[in-house]
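Since the structure comes first, as structure tokens, the remarks are kept for the end.
What follows draws every value from the coordinates through simple rules; no lab data is involved. Source: prediction; values computed, not measured. Neighbour counts are summed over all protein chains in view; Cβ atoms, including those assigned to glycine, are modelled from backbone coordinates with ideal geometry.
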Amino acid sequence: MQAKEIPVSKSDLLRADLQESLSHSHIDPAQITTFQRIILTTDGTLTEILEAYLYEKIQLVKLSQEIVASAQEIKALDLNIGTNIMNRKVLLQGKISRRNWIYAESVIVPARLDEIYRERLLKSQEPIGRLWLEHRVETFKEIIDSKRELAGELSDYFLIKSEDKLLSRTYRVFSKGQPIMMITEKFPESYFIDK
């Protein structure tokens, strides 16, 4: 007896929120590589995923980090104007190749973090995902946006042209039932082409 083939639509393959995020940004999941799709749609720790794919240890390069009072409401984090936030910009870089694989911007609510985790985040050179594992921080991630955009000034980090395209995702991270940070990760569309 032969198994009956069941038709599958694209919308059956991704969670509804991910499908909406990708279609809002006009990114067709069928038109990007498998690994690009994994980066844009999974809620796993990106550092670990990159290391498994690249077979290379990933290190963090901090570009900037500052604690400031929010100049505007941040609805995704349920924050009012004037709340202290940490703005952080980093690169995830291959430890051996020294190649920059990901550029990430984070908006973090320090008051919502455990003290030890907050101190490690401020002072260490470890990616956020590794610190979650080290401190056993229970998290839930919700992808809220995906984009295809021009590289612009970020092109220098990836040694590409400013008119080349980047793919990105933005997600909220919840812990203990409240949003603790919002992270945007970007990488060149020319990266992670299936082997």
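Report the gain in length on full extension from GLN31 to LYS57: 0.36 nm times residue separation, minus Cα-Cα distance, nm rounded to one decimal. Before the final figure, lay out each step's value.
Values: separation 26, 0.36 × 26 = 9.36 nm, distance 2.85 nm.
My answer for the length gained is 6.5 nm.
How would LEU91, LEU122, LEU113 line up from fewest to most surrounding beta-carbon atoms within 10 angstrom? Spell out each step's value before the answer.
Numbers: LEU91 19, LEU122 14, LEU113 22.
Placing the least packed residue first, the sequence is LEU122, LEU91, LEU113.
Ratio of region 15-188's C-alpha Rg to 2.2 N^0.38 Å, to two decimals? Don't jump to the answer; show the numbers that get you there.
On the way: Rg = 15.9 Å, N = 174, 2.2 N^0.38 = 15.6 Å.
That works out to 1.02 for region 15-188.
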